[in-house]
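Before any comments, here is the structure.
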């Protein structure tokens, strides 16, 4: 993994918290899943139980990225944050 990509990823993770408006829930879920895939790799462990609705949704979003290389997930995360920043600056 290139240090450049890792630095851009870490910068994007900080910048996403500085948007003037929080992203919608679907986008937050995508950011979460990409971040987990980029930092931890494939989702492991059992799916959360019936009463943990938020946990199940987050697990499923991350599980959907299974097999995506960490570097690719980092780049996808960076690209999504760049899109959000561009929309944010147009407000």
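Taking the beta-carbon count within 10 Å as an exposure proxy, list 16, 57 from fewest neighbours to most. Provide the component values of the computation, followed by the final result.
Values: 16 21, 57 15.
Lowest count first: 57, 16.
Report, in degrees rounded to the nearest 10, the 0 to 90 angle that the Cα long axis of helix 25-40 makes with the longest principal axis of the chain. Between the helix axis and the principal axis of the chain, the angle is about 80 degrees. Only helices enter this figure: runs of n ≥ 4 DSSP H residues, each worth -39500 (n - 2.57), summed and divided by the residues of the chain, yield -21500 deg cm²/dmol at 222 nm to the nearest 500. Rounded to the nearest 10 degrees, the angle from helix 3-15 to the longest Cα principal axis of the chain is 90 degrees.
Within the listed set 50, 31, 19, the residue fluctuating most in the Gaussian network model of the chain (springs between alpha-carbon atoms under 10 angstrom) is 50. Legend: Rg and Dmax of the chain, from Cα coordinates, 13.8, 42 Å.
Since every read-out is calculated from the coordinates, none of them should be taken as a lab result. Please read these numbers as outputs of a predicted model, since none were measured by experiment. So basically every Cβ, Gly included, is an ideal-geometry build from the backbone, and we count neighbours across all protein chains shown.
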